[in-house]
Amino acid sequence: MCGRYSFTLPPEAIRELFRVVTVLNLQPRYNIAPTQVVPVIGLEPSGARALRMFRWGLVPRWSKELPKSAPLINARSEGIAGSKMFGEAFQRRRCLVLADGFFEWNQDKSLKDKTPWRMVDPDRPAFAFAGVWDGWRNPEGEIIRSFAIVTTSANEKLAPIHGRMPVILKREDEDAWLD
């Protein structure tokens, strides 16, 4: 599960690392939370990468209203293709969720306080989570674009802290994920 993450790279580094032309004036974000509007990368019809601002917490296009309960911030990779909630987005609308770290909380229920752990990759200044997105039209006719982060079972390093983690794409796999 990924419930918080960070992204602090300046626009020049985003352009270089993620091969995207951005004119957005992005500020460092150290504690990105669900329902916040954050940068993600998708594909333009021309095939070029585009940086856009989407809401974290997927609202499927067929929803009648914005969810009043907890937003759909994560999509399990296991079974995503056939999922009613995420299947169409998985087939047609994928994105790269930009991050330089993410937080997990110790899953030991015997501890009085939850301990947050910030996970980073010491070999990469930033990376992309696999994401899926959708566009929902509100009653006023405005389209709200939102996304969920794809998750998987935790690797051996993270498993003692938490059982799930975001799917972190290798740089060479980003184009395949978007396409």
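The values are calculated or read from the model by the stated rules, or taken from the named source; none is laboratory data. All figures in this text were calculated on a predicted structure; none of them were measured in a lab. For neighbour counting, all protein chains shown are included, and Cβ atoms are generated from backbone atoms with ideal geometry for every residue, glycine included. Remember, those area values only see protein heavy atoms, side chains included, never the ligands or the DNA or RNA. Shrake-Rupley method; radii C 1.70, N 1.55, O 1.52, S 1.80 Å.
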With the chain treated as a Gaussian network of Cα nodes joined by springs under 10 Å, which of ARG19, ARG76, ARG94 yields the largest mean-square fluctuation? ARG19
Cα-only radius of gyration and Dmax that characterise the chain, units Å: 16.1, 53
Counting only DSSP loop positions in segment 1-86, the GluC sites (Glu not before Pro) whose Cβ has at most 13 other Cβ atoms within 10 Å are GLU65, GLU78
Pairs of alpha-carbon atoms within less than 8 angstrom and 6+ residues apart define the contacts here; what relative contact order does the chain have, in percent? 25
ALA33-GLU78 FRET efficiency (beta carbon distance; Förster radius 41 Å; 0.05 resolution): 0.95
Ranking by accessible area, most exposed first, for VAL21, VAL97 with a 1.4 Å probe: VAL21, VAL97
Where a ≥ b ≥ c are the square roots of the eigenvalues of the C-alpha gyration tensor, would you call segment 16-96 rounded, which needs a/c under 1.5, or, failing that, prolate if a/b is larger than b/c, or oblate? oblate
Could you go through segment 67-76 in sequence order and give the Karplus-derived ³J(HN,Hα) for each residue, using 6.51 cos²θ - 1.76 cosθ + 1.60 with θ = phi - 60°, rounded to whole Hz, and x for Gly and Pro? x, 8, 8, 4, x, 7, 8, 10, 10, 5
Among ASP134, ASP121, ASP100, which one shows the highest mean-square fluctuation when the chain is modelled as a Gaussian network with alpha-carbon springs under 10 Å? ASP121
Can you tell me the length gained on complete extension of the stretch ILE143 to ARG92, counting 0.36 nm per residue apart and subtracting the Cα distance? 16.6 nm
A 31 angstrom limit on the alpha carbon distance is what I want to check against. Which of LYS112/LYS170; LYS84/LYS114; LYS68/LYS114; LYS84/LYS170 exceed it? LYS112/LYS170; LYS84/LYS114
Would you kindly state how much longer the chain becomes between GLU44 and LEU24 on full extension, computed as 0.36 nm times their sequence separation minus their alpha carbon distance, in nm to one decimal? 5.6 nm
Given the protein chains as shown and a 1.4 Å probe, how many square angstrom of ARG171 are accessible, to the nearest 10? 70
To the nearest 10 square angstrom, how much accessible area does LYS170 have with a 1.4 angstrom probe? 120
For the chain, set up a GNM with springs between Cα atoms under 10 Å and report which of VAL37, VAL150, VAL132 has the largest fluctuation. VAL37
